[in-house]
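The values are calculated or read from the model by the stated rules, or taken from the named source; none is laboratory data. Note that the structure is predicted; figures quoted are calculated from it, not measured. Heads up, the Cβs are rebuilt from the backbone with ideal geometry, glycines too, and the neighbour counts pull from every protein chain shown.
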Amino acid sequence: MYIIGKAPIERRMPPCRCPTNSLRMPHNHYVTNKRQSCKETRAQRSANMARIRSKDTKPELLVRHALHRLGFRFRLHARDLPGHPDIVLPKYQIIIQVKGCFWHGHTCVDGRLPKSNRAYWLPKLRKNKERDKRNDRKLRSLGWSVRNLWECQVCALSAKLLQELLASIIHKSNAR
C-alpha cells in the first residue's frame, strides 16, 4: 500500500493468470519481479490435473473440424487399434495422432520439463514417449500410415492452412 498525502492508495496487482483464478478458487500468490505464480494446495492441483482431457482437446477438435469441412469421414479413438489413435481414416489407411506438446515431450516451449518434482515427471514423460513409439510401430506393422501433429503446430495454423495441411497429408499417403 502506498500513502500519498493522508489517503492511502492501494497498489493494483496484475490479475492472476493461473487456471484457478477463472474458477474463483482461493489460492496463494508469490510475486517476484512483476511476475506472478501460484502455489496451489494439493487439492487444487489435483482438481486442475483431473480437468486435463485425453480426448476432445482443443487441437484435436480443430483437426476434426477441418477434416469434416474437407469431406473426410473418420473414426475416433478406435479401441481395436494399438494406443487408441485419435483419428482413423479407414478408407485411406491413415491414422492422425494429435499430440500435446507437454505430455508427449515435444521440443517446443510448451514441451519443456517442469522444474519441480522432476523425479516424478522425467520417468513419466519418458514412458509416454516410449509408448508412443511402440504404438506407432505396431500400427505401421498393421499397414497403417501414421501421422503425428503437435498441439503447437495445430493451434498456430489458421483454419484454411490446417485444411491444406491435412489435405496434403492424406493425398501424399494415398499416392503411395
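Could you grab me the full set of residues in segment 71-96 that are closer than 19 Å to residue 129 by Cβ and surrounded by 18 or more Cβ atoms within 10 Å (Cβ to Cβ)?
Scanning segment 71-96 gives 85, 86, 95, 96.
Checking residue 78 against (1) of a type outside the set (D, E, K, R); (2) in a loop (DSSP other than H, G, I, E, B); (3) farther than 16 Å from residue 60 by Cα, only one condition comes out false. Which one?
Of the numbered conditions (1) of a type outside the set (D, E, K, R); (2) in a loop (DSSP other than H, G, I, E, B); (3) farther than 16 Å from residue 60 by Cα, the odd one out for residue 78 is (3).
Any residue in segment 91-111 that's more than 15 Å from residue 58 (Cβ to Cβ): show its pairings with residues that are modelled with pLDDT under 90 and of a type in the set (S, T, N, Q) at Cβ separation under 7 Å, as long as the two are six or more apart or on different chains.
If the second residue must be modelled with pLDDT under 90 and of a type in the set (S, T, N, Q), the pairs left are 92/173; 92/174; 94/173.
Are there any pairs, at least 6 apart or on different chains, whose C-beta atoms fall under 6 Å, with the first in segment 157-176 and loosely packed, with under 13 Cβ neighbours inside 10 Å and the second at pLDDT 90 or above and of a type in the set (Val, Ile, Thr), and if so, which?
none
Yes or no: residue 66 modelled with pLDDT of 90 or more and surrounded by 12 or more Cβ atoms within 10 Å (Cβ to Cβ)? Explain how you work it out, then say what you get.
Working: modelled with pLDDT of 90 or more: yes; surrounded by 12 or more Cβ atoms within 10 Å (Cβ to Cβ): yes.
Yes, satisfied.
Would you call residue 99 surrounded by 14 or more Cβ atoms within 10 Å (Cβ to Cβ), at negative phi and among the basic types (Lys, Arg)? If you could, list the steps in order and put the result at the bottom.
Details: surrounded by 14 or more Cβ atoms within 10 Å (Cβ to Cβ): yes; at negative phi: yes; among the basic types (Lys, Arg): yes.
For residue 99, the condition - surrounded by 14 or more Cβ atoms within 10 Å (Cβ to Cβ), at negative phi and among the basic types (Lys, Arg) - is met.
Just to be sure, is residue 57 polar (S, T, N, Q) and closer than 23 Å to residue 164 by Cα?
Answer is yes for this residue.
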